[in-house]
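A short write-up of the structure that comes next.
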Amino acid sequence: MLHQNISNHVRPLLMLLVGLVSGFCFSQLLRSTDCAIRLSFPSGNFLGRNEEYDDPAALYTAEENLQTRVSNDDNSLAEQLFNATRVLCWVLTSPANHAKKAVYVKKTWGKRCNRLLFMSSETDEKLGSIKLVVKEGRGNLWNKTREAMKYIYDNHFDEADWFLKADDDTYVIMENLRAFLHPMDSKTPVYFGCKFKKYVTQGYMSGGAGYVLSKEAMRRFVQVAYPNKKLCRNRSGGAEDKEMGACLQNVGVIAGDSRDEHKRGRFFPLGPQGHLIPNDKSHWYWRYIFYKTDDGLDCCSDYAISFHYVQPHYMLVLDYLIYNLRPFGVFRHTEALPAKCNMTELLEKWRNEKSDNPL
């Protein structure tokens, strides 16, 4: 009985470890919804654990102390994607979280964005946050998001092809995001994320998992939806992600399907353990998710893009697992990227799809 109890506790941890290692290290093939994409992971930096980092503020000045682990990976494809598929990342944060959470984004996945912006209600020179004239609090998240989008359009629109919104506890694998977006045309009105089915007819993307707008979607939001209160809520209140979904639907932006060829998701509103370890089907996630999906090791694409509710120090762990941990004797091969997708056909397909989730 004791052995059985131990096994019951250890098994979920083993599933999590196997999922992370197999998903991030052993994967060979990535395909978008209709177009195959293959790539290898690039090398990266890992900020080693040190007592210094128990004080989050120390991360601001720790750059010179970082120990870069250089691998023999071929980064040429990742570099090609970096230049060919430009992504501006903007992170929704607050003064109370600048040193506690946002700085960890800046020191991990955020540095792989083509442009990284932190949107707050206060300027922070160390973090580089931008002060928006908004109030803090959950009831003001939507208004804050509207103003952030307007600021980005007015000041940085020409610097990117795609615009990613994330929270300060969201972790994003930027290389996987670019690989997924590469076959898509940013001149089409589309956005991607973890698709929910409630409240908005075509579905909408989870705010916590992060969502990414094409250049045309961004233009339509700011030029058409933002100034029109009949198309887009222009006051505080309302759920940020739901309101964004309604605004984009009202201006003809399609909620795209970001799953891989095995119908496994790429954007996730929970942490890795929340999806890899089977959970109670009464959890809100199962009532909201647009597509029928699995949990356990079948939950997630081998080239997952984002996870939410990631604790600050765990961002450092993920950076290490993804960019530095290597299984000896397992090799990955870099392959050429595929041709662009037929966006007309894809948009028409996504425009007419219905949820297949029975819950």
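Just so you know, all these numbers are worked out from the coordinates, no wet-lab data involved. For clarity, every value in this text was computed on a predicted model and none was experimentally measured. Note that we place each Cβ from the backbone using ideal geometry, even for glycine, and neighbour counts take in every protein chain shown.
Shown for the range 127-224: lysine pairs separated by 8 or more places, or found on different chains, whose C-alpha atoms are under 23 Å apart, numbering 21. In terms of the mean number of neighbouring beta-carbon atoms within 10 Å, the peptides 319-331, 87-99 order highest first as 87-99, 319-331. Sorted on the mean count of surrounding Cβ atoms within 10 Å across their residues, most packed first, peptides 247-254, 288-295, 208-215 read 208-215, 247-254, 288-295.
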